[in-house]
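Below is one structure, written out as structure tokens; comments come after it.
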Amino acid sequence: MEGHNVCLSQGRCEAKDMGMKVQDAGISFSRSTVYELLSYCYGEPETGFLDFMKDGGFFENMINGLRFHPQLRKGILEDLHTMIDEAIRIDMEALVRNYNIIVSPEKNLLYEGNYHHPFNAYEEMADIAGFYRAFGFDFNNERPDHICLELEFMRILSLKEAMALQEGNEERLEITLEAEKGFLLSHLSRWTEALHEMTEAIPFYGTLGRFLRKWIEMECDLFSIKGENLSYISRINEDNNELCLKEERDEGF
């Protein structure tokens, strides 16, 4: 990241006004790397990516992404080591089997809308799509609330932030920081804890979920925000887009 260590005092002032503890564009580039790797982790398992984890490439890139973060926590590094150990031990067949558990119609854990009350789910998805469209992020007619898309969107915003810092573009920096803060607060930070709880007992994905939760907590600390946590709501039946849902946890609405 040596080429990315661009300090802009004006940009730092803007970031502080936004409640973000940022030093330079290198931090922003590093954050984008973490978001990118996490997005791949939650995608459909691929042999090439599992080999990337087993061979050490994932660990090296993730460490490089984490080490610049101002809110770095020791626990997340321990989770990274555990996740790599689990990836080394697991084979492709077992990983696919575990992935199929979390994406099964009975659980369908990777969509934010399933953590919202049914009366609010479509409104929340529309809000997510609005964020994407405002920054030209194409989600190819997929549901916008999938965890991979939300993580990829934060990757794009982090890159835009880094470029704004490098260019000294104060207006673009302010707009991008507002979007990152707003998206974390309104969406990503609200359901990652519940996602971790729902996947905790599933090999590899339990550790991944714990890592993700701690990463998002670090990001929220970076922006000085705290989102309101959601609870998972399981789909019992779906017919013509009408959802029949029940609470997975004891909390009621």
Which whole-Hz ³J(HN,Hα) couplings does region 212-221 yield from phi under the Karplus relation 6.51 cos²θ - 1.76 cosθ + 1.60, θ = phi - 60°, glycine and proline marked x?
4, 4, 5, 5, 5, 4, 4, 5, 5, 5
Between residue 92 and residue 171, what FRET efficiency follows from the Cβ-Cβ distance if R0 is 45 Å, with the result rounded to 0.05?
0.45
What do you get when you divide the Cα radius of gyration of region 87-139 by 2.2 N^0.38 Å, with N the number of residues?
1.57
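Which value, in debye to the nearest 20, gives the size of the charge dipole of region 135-235 about its Cα centre, when Lys and Arg are +1 and Asp and Glu are -1 at the Cβ?
380
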Would you mind computing Rg(Cα) / (2.2 N^0.38 Å) for region 17-101, counting N as its residues?
1.23
Within region 115-168: Cβ-based charge dipole about Cα centre, in debye rounded to nearest 20 (Lys, Arg +1; Asp, Glu -1):
100
Let a ≥ b ≥ c be the square roots of the eigenvalues of the Cα gyration tensor of region 79-204; is it rounded (a/c under 1.5), or, if not, prolate (a/b larger than b/c) or oblate?
oblate
Could you run the Karplus curve 6.51 cos²θ - 1.76 cosθ + 1.60 with θ = phi - 60° over region 117-128 and give me ³J(HN,Hα) per residue in whole Hz, x for Gly and Pro?
4, x, 5, 10, 4, 5, 5, 5, 5, 5, 5, 4
Hand me the trypsin sites (Lys or Arg not before Pro) from region 50-130 located in a DSSP loop with no more than 12 other Cβ atoms within 10 Å, in residue order please.
67
Which entries in 74/160; 54/226; 107/160; 54/181 show an alpha-carbon gap greater than 30 Å?
54/226; 107/160; 54/181
For region 57-106, run through the GluC sites (Glu not before Pro) and keep only the ones in DSSP coil with at most 16 other Cβ atoms within 10 Å of their Cβ.
106
For region 41-144, just the Cα atoms, rotate onto the principal axes and tell me the three extents in Å, largest first.
42, 37, 25
With a cut-off of at most 11 other beta carbons within 10 Å, and DSSP calling the residue loop, which GluC sites (Glu not before Pro) in region 173-237 qualify? Please list them.
228
Binned at 10 Å from zero, the C-alpha pair distances of region 76-116 give percents of 25, 35, 36, 5
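Laboratory data are not the source of any read-out in this text; all were calculated from the coordinates shown. Everything quoted here is computed from the prediction, not taken from an experiment. Please note: Cβ atoms are built from the backbone with ideal geometry, for glycine as well, and neighbour counts cover all protein chains shown.
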